[in-house]
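Beneath this line is the structure, given in structure tokens, with notes to follow.
Just so it is clear, none of the values below were taken in a lab; they were calculated from the coordinates. Because the structure is a prediction, the values reported are computed rather than measured. Note that we place each Cβ from the backbone using ideal geometry, even for glycine, and neighbour counts take in every protein chain shown.
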Amino acid sequence: MKSKNIKVAYTTRYPQSGITTVPKIQIEGRWLESLGFSIGSTVMVEYEQGSIRIRPLTEEELAAKKQQELQADLAHRRAEIAAMEKSLAAAYEGLPKVAESATPYATAQNKPSKASHRKK
């Protein structure tokens with residue numbers, strides 16, 4: 001196993017409570033790609049006291065991650081639809097349930113005869 005010495009730097013953050021600095025480790029170089037860390041790939045960072053392990057996600061882990069994201073998106077969209085349905089139900093609550101004409105429907109005596117249609 002090869003090793004590399006990297007200095008822990010800092011980055012500045014601006015939360016609402018004021019400016020703060022936090023530790024940062026920046027790793028870069030072509031050697032990463034040769035180890036399977038290509039641009040755009042997703043990595044797993046496993047850590048415990050005094051140790052950090054970084055590895056690319058496997059195809060199975062990527063598929064599981066994608067499925068979780070899709071399920072979360074579906075749940076979010078279902079919640080949006082439920083909220084829209086509730087909003088529509090509240091908006092239409094005061095409207096009549098059945099639309100009926102205020103005047104009676106045409107009766108047989110009010111209908112034009114077939115003969116009057118032929119004359120035109």
Karplus 3J(HN,Hα) series, Hz, for region 7-12 with 6.51 cos²θ - 1.76 cosθ + 1.60 (x for Gly, Pro)
7, 6, 9, 9, 10, 9
Contour minus Cα-Cα span, S17 to E61, at 0.36 nm per residue, comes to 12.1 nm
Short version: ³J(HN,Hα) in whole Hz for each residue of region 85-91, in order, from phi by Karplus 6.51 cos²θ - 1.76 cosθ + 1.60 (θ = phi - 60°), x for Gly and Pro, what are they?
4, 5, 5, 5, 4, 5, 5
I25-A75 FRET efficiency (beta carbon distance; Förster radius 30 Å; 0.05 resolution)
0.30
